[in-house]
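S.K.: One structure coming up, written as structure tokens, with questions to follow.
The values are calculated or read from the model by the stated rules, or taken from the named source; none is laboratory data. Keep in mind the model is a prediction, meaning the values are calculated, not measured. Cβ placement follows ideal geometry from the backbone for every residue including glycine, while neighbour counts extend to all protein chains displayed.
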């Protein structure tokens with residue numbers, strides 16, 4: 001900067017540490033030598049940086065999903081080839097038939113949207129009374145709050161579409177870590193995803 005502007009290094013250092021203010025002549029010299037308008041020296045930086053367009057795309061097929069079987073759910077993590085996703089779509093078969101059978105509520109970073117493909121589904125959350133959602137209904141929750149989805153009494157299974165989101169780039173890893181004891185694998189010829197009545 002000193003070489004380009006002709007202003008001594010000691011002067012620039014004092015300006016950077018708020019111990020000196022440049023005169024009008026020095027500001028004019030600075031703007032001319034750097035080939036920028038003097039008004040740009042005083043303008044505020046734009047608030048939000050532009051987010052680059054990544055042009056990412058993924059087609060979700062059950063046969064290419066990461067399939068994880070647990071006692072409570074059968075998960076199909078869709079579009080697994082995309083890395084550093086901030087949104088993870090899942091198709092999930094709900095197997096647990098009571099909150100007692102389900103066990104401890106699940107917590108993970110971010111937020112979650114659940115749409116019932118074939119219900120009903122009983123939604124349990126840490127701070128609210130349980131609610132039963134029918135086919136076509138949905139719920140949006142803070143995923144850091146304990147939550148569980150179960151098939152209500154008289155129903156063996158339900159089917160839901162879930163979308164988990166988080167500002168963390170490692171959301172997918174966080175979700176898979178919840179199933180550390182259950183080996184995830186690529187889905188192989190999954191049976192037709194319909195809930196039993």
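S.K.: Taking the stated definitions as given, is residue 131 without any contact (Cβ under 8 Å) to a residue 12 or more places away in the chain and part of a strand (DSSP E or B)? Even if it seems obvious, please write down each step before you answer.
M.R.: On the way: without any contact (Cβ under 8 Å) to a residue 12 or more places away in the chain: yes; part of a strand (DSSP E or B): yes.
Yes: the conditions hold for residue 131.
S.K.: Out of all the residues in segment 119-128, which are under 23 Å from the mean Cα position of the chain (by Cα) and assigned to a strand (DSSP E or B)?
M.R.: 123, 124, 125
S.K.: Scan segment 110-118 and give yes if some residue there is assigned to a loop (DSSP other than H, G, I, E, B) and under 20 Å from residue 151 (Cβ atoms), otherwise no. Spell out the reasoning first.
M.R.: At the first step, the residues of segment 110-118 found to be assigned to a loop (DSSP other than H, G, I, E, B) are 110.
From what is left, the residues that are under 20 Å from residue 151 (Cβ atoms) are none.
Among the residues of segment 110-118, not one is assigned to a loop (DSSP other than H, G, I, E, B) and under 20 Å from residue 151 (Cβ atoms), which makes the answer no.
S.K.: Could we say that residue 29 is within 30 Å of residue 4 (Cβ to Cβ) and surrounded by 14 or more Cβ atoms within 10 Å (Cβ to Cβ) here? Can you show your working first?
M.R.: Working: within 30 Å of residue 4 (Cβ to Cβ): yes; surrounded by 14 or more Cβ atoms within 10 Å (Cβ to Cβ): yes.
Judged against the criteria, residue 29 is a match.
Yes/no per residue for (1) surrounded by fewer than 14 Cβ atoms within 10 Å (Cβ to Cβ); (2) at pLDDT 95 or above; (3) in contact with a strand residue (DSSP E or B) (Cβ under 8 Å, 6 or more places away or on another chain):
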residue	(1), (2), (3)
113	no, yes, yes
119	no, no, yes
136	yes, yes, yes
140	yes, yes, yes
144	no, no, no
156	yes, no, no
160	no, yes, yes
